[in-house]
Structures are given as C-alpha cells and as structure tokens.
Amino acid sequence: QVQLVESGGGLVQPGGSLRLSCAASRITLSRYVVGWHRQAPGKERELVASITTGGNTNYADSVKGRFTISRDNAKHTVYLQMNSLKPEDTAVYYCNALLGAQRYWGQGTQVTVSS
C-alpha cells in the first residue's frame, strides 16, 4: 500500500523555522510531481508549493521568499523548509504526489506559529 508520511511539524514562535518532510513508500517519488498543501481551520485547502520531476518549483504568493521546496530522490523524500514563520502559516500541512491519474495524500502534520 502506497504511503506518504509527513513529519517535522510542531509549535514555533513567529519568525522561527521548521522543516517538513514527506517520505514515500511503495512508489518511486522521483517520478511524481509533489506538492505541499495546507488547511487552516475554517478555510479551504490551498497549494503552498510544488516541485516537478525536473526540479522546477512553484510557490503561493503568501510564502514566496520564505519557503523552499526540495527533493532528495535517493531518499524518496520531499522537504519544505519554512523560514520567517507567521501566525497565519498555522495549519495542517499535507503532501501530495501526482502522476497522471495516480494521486496520493499524506495524513498531514500540524504547524502552529504562536508566541
């Protein structure tokens, strides 16, 4: 059974940093476009960042210059480095892998930015 497992979430003060990881099992993650999405309470899920198989990246305007998505194909893992965190970044963060009609989601990891 395919699994995407997110980790690295937690509680951090405004201005702090976290690095999220999305580890895949039973798929070759390097073949997939991978996205990080987030969902805050009462809001719709939104795409935060994505990375193609060739390493091209795309970011939501709200995180440009603060977040960096990267991938380590040897480890079947995609990362989201989050710097200069703001309270409005508080959400559950999910990773998603997409290849044609195949689409997989992780279970999410909570990120809370608060003093």
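The values are calculated or read from the model by the stated rules, or taken from the named source; none is laboratory data. These numbers were taken from a predicted model, which means no experiment stands behind them. Positions of Cβ are backbone-derived with ideal geometry, glycine not excepted, and every protein chain shown enters the neighbour counts. We work out accessible area using only protein heavy atoms, side chains counted, and drop any ligands, DNA or RNA first. Shrake-Rupley method; radii C 1.70, N 1.55, O 1.52, S 1.80 Å.
Within the range 31-69, the residues that satisfy the criterion of being in contact (Cβ under 8 Å) with a residue 40 or more places away in the chain, among the aliphatic types (A, V, I, L, M) and open to solvent by less than 50 Å² (accessible area, probe 1.4 Å) are V34, A40, V48. Taking S84, is it of a type in the set (G, A, S) and at pLDDT 95 or above? So S84 passes the test.
Screening S115 with (1) in contact (Cβ under 8 Å) with a residue 40 or more places away in the chain; (2) open to solvent by 40 Å² or more (accessible area, probe 1.4 Å); (3) assigned to a strand (DSSP E or B) gives one miss only, at (3). Checked against the criterion of being out of contact with any helix residue (DSSP H, G or I) (no Cβ under 6 Å at 6 or more places or on another chain), free of Cβ contacts under 8 Å to residues at least 40 places away in the same chain and assigned to a strand (DSSP E or B), the range 87-101 contains not a single residue that satisfies it.
You will find that of K43, K64, the residue that is of a type in the set (K, R), closer than 14 Å to Y93 by Cβ and either modelled with pLDDT of 95 or more or part of a loop (DSSP other than H, G, I, E, B) (or both) is K43 and no other. Restricting attention to the range 1-51, which residues are polar (S, T, N, Q) and in contact with a helix residue (DSSP H, G or I) (Cβ under 7 Å, 6 or more places away or on another chain)? Listed by number, the list holds a single entry, S30. Within the range 13-40, being over 17 Å from G108 (Cα atoms) and not in a loop (DSSP other than H, G, I, E, B) holds for L29, S30, R31, V33. For the range 87-108, state whether one or more residues are more than 19 Å from V2 (Cβ to Cβ) and touching a Pro at 6+ places or on another chain (Cβ under 7 Å). Within the range 87-108, one or more residues are more than 19 Å from V2 (Cβ to Cβ) and touching a Pro at 6+ places or on another chain (Cβ under 7 Å). Filtering the range 70-92 to residues that are over 14 Å from A24 (Cβ atoms), open to solvent by less than 10 Å² (accessible area, probe 1.4 Å) and under 11 Å from the mean Cα position of the chain (by Cα) leaves L80, M82. Being over 30 Å from S115 (Cβ atoms), open to solvent by 30 Å² or more (accessible area, probe 1.4 Å) and either at pLDDT 95 or above or of a type outside the set (K, R) (or both) is the filter here; which residues of the range 1-30 pass it? Passing the criteria: Q1, V2, Q3, A23, S25, T28, S30.
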